[in-house]
Amino acid sequence: HNAKKAFCMSRLRQEVAARALLDIRGNTTDAELRSQNIQFGQRLFEAVEIRTSFFYFVDLQIGNADVQQSIQAQLLRTSVHIFCVVVIGTPLLIFNLALRQAHLDFVCPGTVDVTQCKQN
């Protein structure tokens, strides 16, 4: 029952946020709305981009990403973000080091100027 209530509250917050986003234009005339159309589109794009980013998804796995967190919770989220970046970047770094070593082992011995080859 508690999970159902939390889900309903989450959906209600999403609905309220969506309605607030649609009410950005307020009481404006059509001419004013046309002139503000680019600004509205940009704000809508930013709102959608924030909710579809990788780190927003990670934050949703830790807890509610739409609620202000304590300092400890922010430190936890920051630590998880850094961990994600390290986990994603480590295989790329290892591959780069292996590729460089392979270049030095297999390409450079056959060249006349080994120093120039190592710089490339």
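The numbers here are math on the coordinates, done by the rules we state, and not lab data. Since this is a predicted model, take the numbers as computed values, not measurements. Here the Cβ is made from the backbone with ideal geometry for all residues, glycine too, and neighbour counts use every protein chain on show.
Between the beta carbons of Leu44 and His81, assuming R0 = 25 Å, the FRET efficiency works out to 0.50 to the nearest 0.05.
Spacing of the modelled spin labels on Val112 and Phe95, each 7 Å from Cα toward Cβ, amounts to 3.6 nm.
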